[in-house]
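Novice: Sending over a structure as structure tokens; questions will come in a sec.
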Amino acid sequence: MGVYAGLRVDHLTGNFHLPNPSTPTSGTLDADQALSVSFSVTAALSTHQHAFIQCAVLHTTVDGLRQIRVINLALQVTDLAGNVFRFADMDVVVAHFARQCKSIFNYCSDLAHVY
């Protein structure tokens, strides 16, 4: 996961193993799995430029070929929160927050069980 200067990957959520902070590893990747990423702003971003995000997935095909799938995003920077949600895919936003709530709930229930 690569990000534009001024952005930082804050949190990764999904069905994967995390051997180090920047490399999620999964045994399988199909249409029913998703990786959710939270970003934080670490420096002032200009509204006259785009913020760039790049995500790459390295996988092996059934034939044993190694392939890379790359997704490049150029996101418009805005200073109005209303513009962010006006163009957002609300199904994705709700799914992201639901995954975060589930992980927090699991953490709290594990903590209560140990206590």
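Novice: Apply the Karplus parameterisation 6.51 cos²θ - 1.76 cosθ + 1.60, with θ equal to phi minus 60°, to every residue of region 59-69 and state each ³J(HN,Hα) to the nearest whole Hz, in sequence, with x for glycine and proline.
Specialist: 9, 10, 6, 4, 7, x, 7, 8, 10, 10, 10
Novice: Then there's this: How many nm separate the modelled label positions at Ser46 and Arg69, each set 7 Å beyond the Cα in the direction of the Cβ?
Specialist: 3.4 nm
Novice: Another one. Extension gain Phe39-Val57, at 0.36 nm per residue separation less the Cα-Cα distance, in nm? Don't skip to the end; give the middle numbers.
Specialist: Values: separation 18, 0.36 × 18 = 6.48 nm, distance 1.86 nm.
Extending this stretch completely gives an extra 4.6 nm.
Novice: Here is a follow-up. For the chain, what does -39500 (n - 2.57) per DSSP helix run (n ≥ 4), summed and divided by total residues, give at 222 nm, in deg cm²/dmol to the nearest 500? Don't skip to the end; give the middle numbers.
Specialist: On the way: 2 runs with 31 residues, N = 115.
So the calculated ellipticity at 222 nm is -9000 deg cm²/dmol.
Novice: Please give the charge dipole size of the chain, origin at the Cα centre, charges +1 on K and R Cβ atoms and -1 on D and E Cβ atoms. Round to the nearest 20 debye. Kindly include the intermediate steps, with their values, before the conclusion.
Specialist: Working: 6 positive and 8 negative charges, 37 e Å.
Roughly 180 debye, rounded to the nearest 20.
Novice: Specify whether the C-alpha gyration tensor of region 1-77 places it in the rounded, prolate or oblate class, a ≥ b ≥ c being the square roots of the eigenvalues: rounded for a/c under 1.5, otherwise prolate if a/b is larger than b/c and oblate if not. Before the final figure, lay out the partial values.
Specialist: Working: a/c = 2.70, a/b = 1.88, b/c = 1.43.
Because a/c hits 1.5 or more and a/b exceeds b/c, region 1-77 counts as prolate.
Novice: Given the C-alpha centroids of region 64-80 and region 1-48, what is the distance between them in whole angstrom?
Specialist: So the two Cα centres are separated by 11 Å.
Read the figures in this text as sums done on the coordinates, not as results from a lab. Bear in mind that the values here come from a model prediction, so they are computed numbers and not experimental data. Positions of Cβ are backbone-derived with ideal geometry, glycine not excepted, and every protein chain shown enters the neighbour counts.
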